[in-house]
Amino acid sequence: MSTVVCADVGSTYTKAAVVDLDGGRLVGAASAPTTVGSDVLHGLDAAVGAATASAGVGDVPWYVCSSAGGGLRLAVIGYEPLVTAQAGRRVGLSAGANVVHVAAGRLGAAELSALRAARPDVVLLVGGTDGGDADTLTHNATRLAKARWRVPVVLAGNVDARDGLSAVLAGAGVPVTVAGNVLPRIGVLDPGPARAAIREVFLRHVIGGKKLSRGARFARLVRAATPDAVLTGVEVLAGTLGGDLAVVDVGGATTDVYSVLTPDEREDGPGREVTGTWWRARTVEGDLGMRWSAPGVVRAAAEERLLAPGERETLGAAAAVRAADPGFLPVGDADRVADRRIAALAATVAVRRHTRGVATGERAGRDLREVRLLVGSGGVLRHAEPADAAVVLDAVLGDHAGGWAVPRAARPVVDVDYVLAAAGLLAADHPGAAAQVLRRHLGA
């Protein structure tokens, strides 16, 4: 049996799974608390050791992704807000980043201060189509160089100005990586090169810079940011399924929504988006989560008129308890009911936002009517009783008052075995095994 370990070093727990590459199945799994306070390798080694012991295997290759220490914080600076800045934001989300700052236009003193205050790990600098305007991109790159900026920059704007500006930044000591233009022509969004560059910078600069481990071993092990690995797994799942799908991942601090849609040739006409149609999208809702962001779920649900009379007070109290103690575990029926309700509200609000297009930058939003598979993920769903998990996903599929068209015939399933991240990690080296793992464990 040819086996590998796929591990995700999360913000709270580190999950490890042993994958049989020949059979395309999980043969062992374990988790351990993520040891951010000391050295994340302690928790990683513990999880992998327990997983390999349960599978009865010895020394095998490791594939690791990480969102420990806050994951990847990205700032985007574009030419103007509705086109290049929004295109850059979409690319950053697809690369697994938490986009903490978006700015457009020329950087001045106030804009530079706001950028510093956002504390990004990486800056994505974009602007101008190829052969188009280069003044704003030139101004912003020069301003960062003069400001003695030291946070890594991915330069992915107008190709005519890019190489010269790269030299300006590098000459000033700014770590810079060059990538293809995210918007080479109006209506054409090309995320691949910038997504790859962001991944490279994350692995080369960010993992080591967060001081999550004392030595260089952890940085050598990590292959991707966790959301980047999950999105890759979602893409593999979409190819295996052969149709539209959506994933809602309810975490402790954020709720992420992924969707992959089948390209529609009609979108190539004169009414198309100026930033291009983003068939594969991810949105991150930083105010919606099961623990740290639980009060945000209650506030957002109230704004969306999803709460019953008096529920804001009772559920708000339960959310406050969870925010004060992110390690909180339900101990009785009342706790489990509250967790289920918070999860259902977080998932519903997150999908509403995803479909409305505000977070993805699409005027018409995301059309999920043809979604055939809705995958639920996150610890609250993986560890729930099947009936409780079904309530959460049914809340999304039954959201007929949310202002979006719900899927016509979607099958809900929970990623109980946490295979989306594993499949994403395996996709490059073992695509067949990645697809088989998804088919076996998600029934695709």
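The values are calculated or read from the model by the stated rules, or taken from the named source; none is laboratory data. Remember, it's a predicted structure, so these values are computed and weren't measured experimentally. Neighbour counts run over all protein chains shown; Cβ positions are idealised from the backbone, glycine included. Side chains included, ligands, DNA and RNA excluded: accessible areas come from the protein's heavy atoms. Shrake-Rupley method; radii C 1.70, N 1.55, O 1.52, S 1.80 Å.
Okay, here's what the table says:
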read-out	value
Area projected by the alpha carbon convex hull of the range 173-324, averaged over all directions, nm²	13.9 nm²
Sum of -39500 (n - 2.57) over DSSP H runs of 4+, divided by residues of the chain (222 nm, nearest 500)	-12000 deg cm²/dmol
Potential extension, E200-R220 segment - 0.36 nm per residue separation minus Cα distance	6.0 nm
Ellipsoid semi-axes in whole angstrom, largest first, where each is sqrt(5λ) of the Cα gyration tensor of the range 79-131	17, 16, 8
Which of V151, G37, G96, positive extreme of dipole for the chain (C-beta unit charges)	V151
In Hz, Karplus ³J(HN,Hα) per residue of the range 401-413 (6.51, -1.76, 1.60; θ = phi - 60°; x = Gly, Pro)	9, x, x, 9, 8, 6, x, 6, 8, 9, 9, x, 8
Mean projected area in nm² (Cα convex hull; one quarter of hull surface) for the chain	21.3 nm²
Share of carbon and sulfur in the accessible heavy-atom surface of the chain [1.4 Å probe, %]	53 percent
Loop-resident sites, the range 350-442, for trypsin sites (Lys or Arg not before Pro), counting at most 15 other Cβ within 10 Å (DSSP)	R363, R369, R408
Percent of beta bridges antiparallel (DSSP, the chain, rounded to nearest 5)	45 percent
Kirkwood Rh, angstrom, the range 372-419 [1 / mean 1/r, Cα pairs]	11.3 Å
Over the range 108-170: Kirkwood hydrodynamic radius from C-alpha pairwise inverse distances, Å	11.9 Å
Whole-number percent relative contact order across the chain, with pairs defined as alpha carbons under 8 Å at least 6 apart	15 percent
Rounded FRET efficiency, nearest 0.05, which uses the C-beta distance separating D429 from L329 and R0 of 35 Å	0.45
Listed residues P431, P407, P295, most fluctuating in the chain (Gaussian network, C-alpha, under 10 Å)	P431
Over the range 152-245 - Rg/Rh using Cα atoms and the Kirkwood inverse-distance radius	1.06
Dimensionless Rg ratio for the range 291-331, taking C-alpha atoms and the 2.2 N^0.38 Å reference	1.15
FRET efficiency for R408 and S38, using Cβ-Cβ distance with R0 set to 51 Å, rounded to 0.05	0.55
Whether the range 284-411 is rounded, prolate or oblate, judged on the alpha carbon gyration tensor where a/c under 1.5 counts as rounded	prolate
Scattering profile of the range 1-103 at q = 0.11 Å⁻¹ [log10 I(q)/I(0), Debye over alpha-carbon scatterers]	-0.47
Solution diffusion estimate, µm²/s, Stokes-Einstein, the range 44-199, Kirkwood Rh from C-alpha pairs, 37 °C, viscosity 0.692 mPa s	200 µm²/s
Surface per residue (accessible, 1.4 Å probe) for the range 61-113, Å²	31 Å²
